Amino acid sequence: MTWTDRPAPSLDDFAVLARRAFEALPAEVRRQAGEVAFRIDDFASDALLADLEIEDPFELTGFHAAADPSPPTMFLYRRPILDEWCERGDVPLGELVVQVLAYELGKVAGVPVDYETGSQAGWAGTLAPSLEDFAEIAGQALEGLPPPIRAAVGDVQVRVEEFADDETLDALGIAEAFELTGVYEGVDLTRRSLFDAVPGTSAIRLFRRPILDEWCEGEVGFQSLVQHVLVHEVAHHFGFSDAGIDQVERS
């Protein structure tokens with residue numbers, strides 16, 4: 001997939017993936033499962049997590065609930081599945097949904113369930129955005145700045161990493177790596193002097209997993225989010241504080 005301004009897969013997208021995943025299971029497994037209702041939520045309920053003694057909701061990707069007399073229900077949890085999809089990076093989303101479904105139905109049957117990958121159309125065959133995808137969009141965003149701003153920015157390197165390192169997090173007083181989507185490193189223009197030595201190349205570092213985590217939360221497009229983070233860090237190059245940047249964006 002060419003990454004444009006597409007929002008993250010929605011609950012409705014997951015409902016389609018779930019049905020395709022079920023059809024990818026062997027006919028005998030589908031026959032034994034019978035009529036299965038699918039329910040897609042962002043996370044498991046607090047009550048279910050407590051019953052299963054799971055503290056972190058991201059640890060539960062699916063759950064098969066037998067319901068009598070109603071049809072059994074297969075719960076799939078969008079955010080934990082997307083989190084695993086982003087972490088692994090090498091598994092298409094549709095295949096990952098099939099794996100979750102096969103694992104949960106296998107627990108019910110008491111035996112492992114083999115499966116095919118199923119349809120690769122749309123989201124089913126899509127890998128999570130890679131470091132290279134981020135770098136491409138960030139580069140386009142940088143070159144797409146208005147010419148006067150692009151000229152003023154000068155020689156800025158854009159680097160994409162999975163997470164900020166501990167040294168960077170400690171320097172900023174940030175305890176959780178998912179809280180930092182990007183950082184500008186260098187001397188901003190407002191603090192440079194004509195008498196300064198030639199400054200080293202400034203750098204904008206973007207962090208893939210925190211940006212993807214934010215993307216998975218809502219309706220914002222992927223390209224827009226990457227551009228927003230990059231422009232936010234470019235603003236630091238011109239000496240804007242976070243509060244100043246927020247004020248400009250609100251206006």
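Odds and ends about this structure:
- Dipole of the range 16-64 [Lys/Arg +1, Asp/Glu -1 at C-beta], most positive-end residue of VAL29, PRO57, PHE43: VAL29
- Charge dipole magnitude, Cβ of K and R +1, D and E -1 - the chain, Cα centre, debye nearest 20: 780
- Reported label for calculated Kirkwood radius over Cα pairs in Å given (1) 18.8; (2) 19.5; (3) 20.6: (3)
- Sequence of THR117, THR168 when ordered by accessible area, the most exposed leading, probe 1.4 angstrom: THR117, THR168
- DSSP beta bridges in the chain [antiparallel fraction, %, rounded to 5]: 40
- Taking the 1.4 Å solvent-accessible surface of the chain as the whole, the part contributed by carbon and sulfur is 51%.
- Candidates per GluC sites (Glu not before Pro) in the range 101-176, loop by DSSP, up to 15 other Cβ within 10 Å: GLU116, GLU162, GLU176
- Solvent accessible area, Å² - ARG19, 1.4 Å probe, full protein context: 120
- Shape category assigned to the range 1-115 from the gyration tensor of Cα positions, a/c cut at 1.5: oblate
- Computed lengthening from PHE43 to ARG88, 0.36 nm per intervening residue step minus Cα-Cα distance: 14.3 nm
- Solvent-accessible ranking of VAL234, VAL16, VAL158, largest area first, probe 1.4 Å: VAL16, VAL158, VAL234
- Largest accessible area first, the residues ARG159, ARG150 order themselves as ARG159, ARG150 under a 1.4 Å probe with ligands, DNA and RNA left out.
The values are calculated or read from the model by the stated rules, or taken from the named source; none is laboratory data. Computed from a predicted model, the values in this text were never measured in an experiment. So basically every Cβ, Gly included, is an ideal-geometry build from the backbone, and we count neighbours across all protein chains shown. Accessible surface is based on the protein model in full, side chains and every heavy atom, while ligands, DNA and RNA are left aside. Shrake-Rupley method; radii C 1.70, N 1.55, O 1.52, S 1.80 Å.
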